[in-house]
Structures are given as C-alpha cells and as structure tokens.
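Below: one structure, written as structure tokens.
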Amino acid sequence: MKKYVFTVLTLIGLIKGLIAQEQQIDSLKGKKVEVLDEVFVSAIRVTNQTPVTFSNLTKEQIKPRNLGQDIPILMNFLPSVVTTSDAGAGVGYTGIRVRGSDATRVNVTINGIPYNDSESHGTFWVNMPDFASSTESLQLQRGVGTSTNGAGAFGASLNMLTDAFSEEAYGQISSSIGSYNTLRNNLKFSTGLLRGHVEVSGRLSRISSDGYIDRASSDLDSYFLQGAYKDENTLIKAILFGGHEITYQSWFGIDRATLESDRTFNPAGFYIDENNNTQFYDKEEDNYKQDHAQLLWNEKLNDNWSTNVAFHYTKGRGYFEQFKEEDDFSTYGFTPINVDGQEVNTTDVIRRRWLDNDFYGAVFSANYSKDKINLIIGGGYNKYEGAHFGEVIWTRFAGTSNIRDRYYDDNSVKTDFNLYSKVNYKLDDQWSLYGDLQLRNVGYQANGEDTGLVDDSFNFFNPKAGVTYDLNKNNNFYFSWAVANREPNRNDYEDGTPKPEKLIDFELGWRYVSQNVQVNTNLYFMDYKDQLVLTGELNDVGGPLRANVKDSHRFGLEIDANVRLGDKVLLSPNLVFSSNKIQNLSIERDGIRQNLGDTNIAFSPQVIVGNRIAYQASDSFHLALLSKYVGEQFLSNTDTEASMLDAYFTTDLNLTYEIKPKSIVQSIIFSGLLNNIFNELYVSNGYTYLDSWSGPSTIEVQGYYPQAGTNFLLGATIRF
C-alpha cells in the first residue's frame, strides 16, 4: 500500500507544480477566469469527441414517466437494455441487463462515487426508492467505456449526477397512484441561491405497492438533502441521501405449470400448519436501511486546470426474515432432543440473516484543457467492511442454544485502489486521438460456510485507445480498443476458486447529426477470457450463480436514432442484433462429461428493438408511445429447448398535460402511464438448475418471473 500512497502523493505534487506554472503564465497574459459549471462527473463522462458508445438521459426526459418506478425501468427503452421486476410492476426489486451482461457487470457511480455492492457487485435500486426524482442526468456507456471508479465495467457503466443547485427558490409536491395499490408521494424544495452563494435543497419520498405478484408488497421511504456553496471558481456540495425498504420476498419464481394456471402465485413463506391448512408466513420479507454521505468539491484553478475531490461514507444494515419447515438442527448448531421417546433433529424455525456493512473512501480527478489537448488524471481508494450473521428468532423445538444466538458470524473486508489517466488530443480539424490507462488493485478477505476462507488480491492494468474522425459537420466516425479485468464476486467463491476475467472490447461507430435527424450506429466485438457467465442457477438467498468459461464473445450491431417529422412528431427507434457465444462448452451430466460445442450465453437475446413516438399536440399536451421487443433467450448455457425464454413485445402509453396558473402556483403537471397496453403476458427473467433427484437421469428445472399485464400510473406535480 505504501507504493500506492507514494504514487498518489507524487501525482498530486506534479499536478500542483504544473498548475503553478499555468497560473504564472495566465497572470502574464491577463486571462479572465470563466464561470464555473458543474463538472462532478466530467472525469468519467464522454462526448461525441470520445470513441465510446453511450446514451444520455436528462431530468426532462425522465420526468414524464417518473411516477414511482425504479431507475432500471425508466431506462428500459435505451439500446441493448433489458429490464425485469421481481414484483412484476417496476416497484421493489428491479434489475437491468446491457448487451446480455447482468447488473453485477454494470459499473454504477453516483457523482463519480461507486455504488455497486462491493461483495456481490450488484446494484440494489430498492435501497434508493424514488432516486430518479433527485437525478439531474445519467449516462449509460455500453461496452468497457471509459475508466471509472469501482468495479470493472464488463457490459456497461452507468454514471449518475444528482440534482444541480437551483438559482431560484421553489417548492414541489408530487403524488401518483396506480395499479396494485401503488402510491407514491414526494416533497421537494430549494432555498435558491442565498446571497448568490448558498443553496439548501431536499426531498422526502414514500412509495407503497402490493405488487403484481401475490404478497410482493413494497413499503419504501427515502430522503435526499443537499447543501451547496458556489462562487466564481468553487462549487462544494454536501449530500445526504438514503432509503429504508421493507419488501415481501418474491425471488422464488414459479414453474411452468403454475405460470399457466396461476401466474401471480408466490411460494415465499409457504407452509402447512398443524391442521393441515396451507399458510403463508406474513413476515417473509427484507428489511434494510442504507444511508449515504458525500462531500464533493470542484475547484476551477485557472482557465486550464480544474479539480474534483469527493469523500464518501455509506452505512447499510438490515436483514431478511424467513420461515423454514423441518430444518436440520445441525444448520443452527442445535443438539438433538428427545420428545416422547423419539429423537428429534429437525424443527420449524424463523430466522433472520443480517448484513451490517460500511463503505467509505475518496475519489479525485484533475482536468487540464488547452488548445488541442484535454488531459484527466484521477483515481480513488475505497474500503468495504461487511458483517454477515444469522439469528434464530423462533423455533418449534429448541436445541441447546438460546434464541437470537448467532448460528453463523462471518466478516469480510475489501479494498479497491485505482489510478487512471486519460487524454484526448486533437491532431487537426478532423482527427482526434484518445488514450486511457488505468491501474487497479483489489484486495478481498472473507470467511464463511458458503465461501470458505478467502484471501485474494488482484492487480489489473486496463489500457484503452481510440481515434475519432470528423468527416464534416454532420458525420463522425470512431474506433476504439479497450481492455478490462475484473475480480470474482462473493457468490463465485461458493463453488471453489474462481478466476478473474478479462475482456478485450472493439467498438466501431458512426454518428450522423443534422437539423432533423440523428443516427448512432455501432458495431462491437467483446472477446472474453475466463468470463464468469450466469449459469441460470440461484443460491439459497436468490443470488445468481456464475461459472468461468474459458473462451466466449459477444458480437453485435446497435443502431439508434432521433428523427423529427415536422414540428410535432419525434421518432426515436433503436435496434440491436447480436451473437453471444461460449466456445466449446463442456459440462458434466449423469456422471458423463459432455462437450456441447459452441452455445449461446444465457440471458443474451439476439434481437432487441425499442421505439418511442412522441407527439407534441401543444405547448401543454405531450403524448408518447413506447414499444419494446426482446427476442428469445436461454436461461442456461446448454441451448436446450426447455431453457428457452419466449420473446415478448410490450407497448406503453405516456401522456402529460401542464397548466400554468397565474398565481402562487407556477405549474401543475398531470402525468399518465399505461403500461403494457396490449396485455402481453410475458416473462422477462427466470432461472434453471439441473435436478438429479427426480429420476435415473438429470433433467433441467426452470423457474419464471412473470411480469404484469396492463397496468397504470397517474400522477400530479404542483410546483410553487
């Protein structure tokens, strides 16, 4: 670690020296310092002058559909994106896949600070309900993208910027209601800039929903509080945000027969009581709190240099509660007991499995921009400390153990240090070169019955390079080559000693821009070594399991466009064709090693099509029709017909109408969202496993997560 600290200090000293020289030069030239803008994510975001494939979403684009659903659902219509919801209607646990890569492989940052869970690499949006209401903008970079902080991007990276400071004071109340007793209320405010320098703003939100799936209820609370200081060269933000979620578990899925007969059935909490009646335990739920603190400081030092530094701390704690029938005493360290002359070594129990974790660290960047060069030097150091433990809170037959004794007590520590340097150099009016180098060191220690003893460290070098060519003012071409390396997650250690994975990503793109037409076309080839692909199986808490495959690749074509048809109609289609293959997959079935040849990677549809038709009837009334087609995909990597997930096509209708009263009320916006208007009965996610207990030969067993048919959300926002 000493060598990394020394490297950081050396870089800081070098930057300070260069800055001092620039300040002396600028003072001689008599230059004026420009007004500072928000650049907290400038170090990790890209523009059309960078050879990276990306899509942007702004607050104004999110607003019409922001009626309580999670951020992944609001991103559903972006290219290469597939989303899913455990409860079936976009509230509660939701997930996202990009180019077939699941959420554990999508790097997520908030104001440049890592958000992915350090151990699972997952992104749990349920811990930040209604966060879209405090999001200024987001950028989704597909492929490796540009160097960022946190876990390596193996399918995409998503960087989010929270609310910008407001020059003017305002108050805002938003409410929405919808199907499945969904209710969302939030309150936002801002003091505006006080004396031209200080602003305080915030949000309180509450969302509740019964869910489409039986008992898949969600009770979600969240907050966002921001204090900002701004002057000509400085922007400082202190931000607190967090959430508390209580959700009834709905990750079990259902089998094919149940899907056809009772698609909303939820087996969670199922048991048979003493009178042989079917019951469901009413507290089979997650109960988790997560709080974040961020201190962001941007400083414009002169016309050429600016710096960002951010300190952060996240506290998470909570549990999921579960009823278990006739569980073994040995699981909990109970000693068998004698009941009426019979030895008893199983019992009904209610247990809680806890997480209590701390995540903290700092990230920084320095940006130099002058004439033909734009240079960024950045990095960060983050540490995670997690406690995993289990409690029995009730048992029908108690062994020699006290209630609430911990039947397991595991701890883990993870450190993540990275340094990167990026440069964009403009050779002339048409050609630009891009280079990006990152060094990343990861250390992970854990102990547990599921993982065993883990003490791993990884050193990764992630180079990237590319070129951009501006043919004319309308046409822009780019090519990039990028390398990414990534460590295994906690679940990967359950089946032994996983290998880190490596990706080489090639991107070739063309961008066309005119007054009425914008087109982005991208051809990609992602070549993996030891890729940790989803097997389709889940562990005992619903976490997806993965396995290394030696050679695999993803190859595809992405096209998205914005076409303005007259003054009132905007057409925004996107389509993706891809081939996602494991080369020479070998599995063991019924005690025999079988070579399946080249197979399709699980959860990777070959065709994804999206479209948005927006109609602006007047300045006040807007209407949009949004469609999504997701082609067939496999739940496993074996290409069996039984593991095929059917294609589906959904269409949503979104309307907004604004009234501007001539009074204290600035505006009233009414919004409506009719989801899945053609009542497509579809499944967006599932799981599969090999069952060798059902007979003489192994069979594949599938589970499915059905999504809601036609459903609605209606909302109103009043701004003062």
Count of the stretch 136-191 residues which are in contact (Cβ under 8 Å) with a residue 40 or more places away in the chain and in a loop (DSSP other than H, G, I, E, B):
18
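Counting just the residues of the stretch 696-710 that are in a loop (DSSP other than H, G, I, E, B) and either touching a strand residue (DSSP E or B) at 6+ places or on another chain (Cβ under 6 Å) or at pLDDT below 95 (or both), which one comes out nearest to THR94 (Cα to Cα)?
Residues of the stretch 696-710 that are in a loop (DSSP other than H, G, I, E, B), as a first pass: 696-698, 707-710.
Next, only the ones that are either touching a strand residue (DSSP E or B) at 6+ places or on another chain (Cβ under 6 Å) or at pLDDT below 95 (or both) stay: 696-698, 707.
Details: PRO696: 38, SER697: 35, THR698: 32, GLN707: 11 Å.
Ranking the candidates gives GLN707 first.
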Across the stretch 236-255, which residue is surrounded by the most Cβ atoms within 10 Å (Cβ to Cβ) among those that are farther than 17 Å from GLY95 by Cβ and touching a Leu at 6+ places or on another chain (Cβ under 6 Å)?
LYS237
Provide a single number: the residues in the stretch 338-365 that are farther than 19 Å from ASN411 by Cα and in contact with a Ser or Thr (Cβ under 8 Å, 6 or more places away or on another chain).
7
If I go through the stretch 206-259 residue by residue, how many of them are free of Cβ contacts under 8 Å to residues at least 24 places away in the same chain, out of contact with any Phe, Trp or Tyr (no Cβ under 7 Å at 6 or more places or on another chain) and within 20 Å of LEU67 (Cα to Cα)?
1
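Go through the stretch 613-645 and count every residue that is polar (S, T, N, Q) and either under 30 Å from ASN562 (Cα atoms) or surrounded by fewer than 17 Cβ atoms within 10 Å (Cβ to Cβ) (or both). Let's see the steps before the verdict.
Let us first name the residues in the stretch 613-645 that are polar (S, T, N, Q), namely 616, 618, 620, 627, 633, 636-638, 640, 643.
Then keep just the ones that are either under 30 Å from ASN562 (Cα atoms) or surrounded by fewer than 17 Cβ atoms within 10 Å (Cβ to Cβ) (or both); that gives 616, 618, 620, 627, 633, 640.
Residues in the stretch 613-645 being polar (S, T, N, Q) and either under 30 Å from ASN562 (Cα atoms) or surrounded by fewer than 17 Cβ atoms within 10 Å (Cβ to Cβ) (or both): 6 in total.
Give the stretch 207-226 a look and list any residue that's in a strand (DSSP E or B) and either among the polar types (S, T, N, Q) or surrounded by fewer than 17 Cβ atoms within 10 Å (Cβ to Cβ) (or both), or say none.
Taking the stretch 207-226 and keeping what is in a strand (DSSP E or B), we get 207-209, 218-226.
Of everything in the stretch 207-226, those that are in a strand (DSSP E or B) and either among the polar types (S, T, N, Q) or surrounded by fewer than 17 Cβ atoms within 10 Å (Cβ to Cβ) (or both) turn out to be SER208, SER209, SER218, SER222, LEU225, GLN226.
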Please determine whether any residue of the stretch 420-438 is in a strand (DSSP E or B) and either over 18 Å from VAL46 (Cα atoms) or without any contact (Cβ under 8 Å) to a residue 12 or more places away in the chain (or both).
no
Subset of the stretch 279-297 (residues that are within 26 Å of ALA43 (Cα to Cα) and in contact with a Phe, Trp or Tyr (Cβ under 6 Å, 6 or more places away or on another chain)):
HIS292, ALA293, LEU295, LEU296
I need the full set of residues from the stretch 38-69 which are without any contact (Cβ under 8 Å) to a residue 60 or more places away in the chain and either of a type in the set (Val, Ile, Thr) or in a loop (DSSP other than H, G, I, E, B) (or both), in order please.
THR47
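Name the strands (runs of 3 or more DSSP E) wholly inside the stretch 470-539 in which the number of residues that are among the β-branched types (Val, Ile, Thr), touching a residue at least 40 places away in the same chain (Cβ under 8 Å) and crowded, with 23+ Cβ neighbours inside 10 Å is 1 or more. If you could, list the steps in order and put the result at the bottom.
Numbers: elements: 475-486, 501-513, 517-538.
Those strands (runs of 3 or more DSSP E) span 517-538.
Look at ASP436 and say whether it is over 24 Å from the mean Cα position of the chain (by Cα) and charged (D, E, K, R). First the steps, then the outcome.
Details: over 24 Å from the mean Cα position of the chain (by Cα): no; charged (D, E, K, R): yes.
Spelling it out, it is not the case that ASP436 is over 24 Å from the mean Cα position of the chain (by Cα) and charged (D, E, K, R).
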Counting only residues that are hydrophobic (A, V, I, L, M, F, W, C) and modelled with pLDDT under 95, which one in the stretch 660-684 is farthest from the chain's Cα centre (by Cα)?
ILE664
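Could you name every one of the strands (runs of 3 or more DSSP E) located completely within the stretch 584-690 that has at least 1 residues being touching a strand residue (DSSP E or B) at 6+ places or on another chain (Cβ under 9 Å) and among the charged types (D, E, K, R)? Walk me through how you get there before you give the answer.
Details: elements: 592-600, 607-616, 621-630, 648-659, 667-675.
Counting at least 1 such residues, we get 592-600, 607-616, 621-630, 648-659.
Check ALA614, ALA642 and return the single one that is more than 25 Å from ASN574 (Cα to Cα) and out of contact with any Pro (no Cβ under 7 Å at 6 or more places or on another chain). Quick ask: steps written out before the conclusion?
Working: ALA614 fails: more than 25 Å from ASN574 (Cα to Cα).
Just a single option satisfies the conditions, and that option is ALA642.
The values are calculated or read from the model by the stated rules, or taken from the named source; none is laboratory data. This one's a predicted model, so the numbers in the text were calculated from it and none came from an experiment. Positions of Cβ are generated from backbone atoms using ideal geometry, with glycine treated the same way; all protein chains shown enter the neighbour counts.
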